[in-house]
Amino acid sequence: MKRYLILLPAILIVVACSSPKAPLIGITCSRSTSGATTLATTYTEAISKAGGVPVVIPTVSTREEADAILCTLDGIVFSGGEDVNPAWYGEKILNETVHIDSVRDRSDSLLARASLTSGKPILAICRGAQLMNVILGGSLYQDIPTQIPGADSHGGGARNRIGLEEGSVLGRIYGLDSLEVNSFHHQAVKVPAPGIRVTARSADGIVEAFETDRIWAVQFHPEKMLHSGEEKWLEFFKEYVRRFGK
């Protein structure tokens with residue numbers, strides 16, 4: 001009896017994993033002041049509506065944990081949140097506007113490196129885009145109002161029109177050369193990392209999107225716009241989920 005009790009669950013797992021399924025898409029999280037895992041439901045709603053199965057990822061502390069999580073996933077979304085530690089790109093904290101979470105920084109760096117090694121599709125949003133640029137060797141403006149005098153407003157949900165590069169993911173999806181997007185950030189890509197292609201900028205020159213063969217990164221929040229009733233952004237998430245059939 002003991003042998004069957006051990007083996008039967010293993011058999012069931014193999015059968016379940018070999019069955020056709022919607023792609024499992026992990027989403028990284030923030031932490032509350034008490035250390036609880038937190039994530040806006042707009043992310044999970046967007047992935048679910050697009051045909052994926054959202055999986056909330058708590059913080060990890062080792063590369064082994066990150067690799068084990070990536071093995072179970074088909075793709076990963078790096079969500080928004082706190083600022084990336086400036087020490088990662090060789091700078092000291094600029095001013096009091098910069099807020100970091102060292103636990104999340106470590107976790108996200110481990111998950112990002114595991115994701116890049118796995119070759120699985122990455123969707124990076126806001127902080128996620130900044131994180132991927134830094135991990136790949138780029139740097140950030142720590143505080144746009146301080147470092148770029150005269151820049152447009154980029155925080156608090158401000159709306160900006162961004163210009164799209166020909167052949168970009170956003171350009172192909174929407175068939176346009178510009179889009180109006182929201183802004184909830186005070187940091188942005190400063191020096192683009194080697195190997196990435198900047199594909200969208202706001203009128204003041206701020207990087208609003210970049211991509212590689214495996215990474216789609218946007219500085220704005222498409223999941224918030226979708227949640228607010230801008231249904232066209234569902235197509236963005238659907239196109240991301242469609243990548244898992246390729």
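For segment 125-138, which residues satisfy the criterion of being touching a strand residue (DSSP E or B) at 6+ places or on another chain (Cβ under 9 Å) and under 12 Å from Ala193 (Cβ atoms)? Reasoning before the result, please.
Looking only at segment 125-138, we keep the residues that are touching a strand residue (DSSP E or B) at 6+ places or on another chain (Cβ under 9 Å), and these are 125-134, 136, 138.
Residues satisfying the conditions are Ala129, Gln130, Leu131, Met132, Asn133, Val134, Leu136, Gly138.
Here the strands (runs of 3 or more DSSP E) wholly within segment 1-103 that include at least 1 residues being of a type in the set (Gly, Ala, Ser) and either surrounded by fewer than 19 Cβ atoms within 10 Å (Cβ to Cβ) or at pLDDT 95 or above (or both) are 24-28, 75-78. With respect to (1) small (Gly, Ala, Ser); (2) within 20 Å of Ala40 (Cα to Cα); (3) in a strand (DSSP E or B), the lone exception for Ala209 is condition (2).
Taken over segment 42-64, residues that are touching a residue at least 40 places away in the same chain (Cβ under 8 Å) and either among the β-branched types (Val, Ile, Thr) or closer than 20 Å to Asp83 by Cβ (or both) amount to 7. Checked against (1) in contact with a Pro (Cβ under 8 Å, 6 or more places away or on another chain); (2) surrounded by fewer than 21 Cβ atoms within 10 Å (Cβ to Cβ); (3) assigned to a helix (DSSP H, G or I), Ala151 meets all criteria but (3). Among the residues making up segment 136-164, a single one is touching a His at 6+ places or on another chain (Cβ under 9 Å) and among the charged types (D, E, K, R): Asp143.
Give the residues of segment 154-181 that are surrounded by 16 or more Cβ atoms within 10 Å (Cβ to Cβ) and under 30 Å from Leu110 (Cβ atoms), sorted by residue number. Once the filter is applied, which keeps residues that are surrounded by 16 or more Cβ atoms within 10 Å (Cβ to Cβ) and under 30 Å from Leu110 (Cβ atoms), segment 154-181 yields His154, Ser168, Val169, Leu170, Val181.
The values are calculated or read from the model by the stated rules, or taken from the named source; none is laboratory data. Everything numeric in this text was worked out from a predicted model, so none of it was measured. Ideal geometry is used to build each Cβ from the backbone, glycine not excepted, and the neighbour counts take in all protein chains shown.
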